[in-house]
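Enquirer: Here it is, the structure in full.
Taken together, the values in this text are just the output of simple stated rules run on the coordinates, not laboratory data. Since we're looking at a predicted model, the values are computed, not measured. All Cβ positions, even for glycine, are placed from backbone atoms using ideal geometry, and neighbour counts span all protein chains on display.
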Amino acid sequence: MAVIRHHVGKRLSETAVHNGTVYLAGQIAEDTDQDIVGQTREVLGHIDRLLGEVNSDKSLLLSVQIYISDMVHFAGMNAAWDEWVAQGNTPPRATVEAKLANPKCLVEVVVVAAQRS
């Protein structure tokens, strides 16, 4: 069973697929001048794009880990999340406060999803 990697870089791959399971690297906003709602929406857009490239989508999420720089942003992140998440297919999720590598990043999201059969 091969591991298929996409958007392979020197340090990480954006996506790895193995045995019908999709693993995404942590997704962050490129436009870090946005507030938490804007950054979260951008991140979720990256997730949509990457999942679409490997025959998956947000309705097939298996697990989500959300890292936010400060819990003061929790409500704003949830507002963007609630607009986006596939109702009836909400995944298991954890949200934690964490010091992110780039201090201008307010949110980072890691997902695991299934591929469509």
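Enquirer: What is the ratio of the Cα radius of gyration of region 67-115 to 2.2 N^0.38 Å, with N the residue count, to two decimals?
Expert: Working: Rg = 11.9 Å, N = 49, 2.2 N^0.38 = 9.7 Å.
The value comes to 1.23.
Enquirer: Follow-up. Go through region 21-117 and name the GluC sites (Glu not before Pro) that are in a DSSP coil and have 12 or fewer other Cβ atoms within 10 Å of their Cβ. Numbers along the way, then the final one.
Expert: On the way: sites: Glu30, Glu42, Glu53, Glu83, Glu97, Glu108; in loops: Glu30.
Sites meeting the loop and neighbour criteria: Glu30.
Enquirer: Relative contact order for region 31-99 using alpha-carbon pairs under 8 Å, separation at least 6, rounded to a whole percent?
Expert: It rounds to 42 percent for region 31-99.
Enquirer: Would you mind finding the longest exposed-site-free stretch of the chain, with exposed trypsin sites (Lys or Arg not before Pro) meaning DSSP loop and at most 12 other Cβ atoms within 10 Å?
Expert: Result, exposed sites excluded: 12-98.
Enquirer: For Lys10, give me every one of the lysines with a C-alpha distance below 24 angstrom, ignoring sequence neighbours fewer than eight places off in its own chain.
Expert: Hits, sequence-local ones excluded: Lys99, Lys104.
Enquirer: Dividing the alpha-carbon Rg of the chain by 2.2 N^0.38 Å yields what?
Expert: 1.03
Enquirer: On a 0 to 90 degree scale, rounded to 10, what angle separates helix 74-84 from the longest Cα axis of the chain?
Expert: Roughly 40 degrees, rounded to the nearest 10.
Enquirer: Comparing Gly45, Gly88, Gly26, which has the greatest mean-square fluctuation in the GNM of the chain with Cα pairs linked when under 10 Å apart?
Expert: Between Gly45, Gly88, Gly26, it is Gly88 that shows the largest mean-square fluctuation.
Enquirer: If you line up the long axis of helix 36-53 against the longest principal axis of the chain, both from Cα atoms, how many degrees apart are they, to the nearest 10?
Expert: Value to nearest ten degrees: 10.
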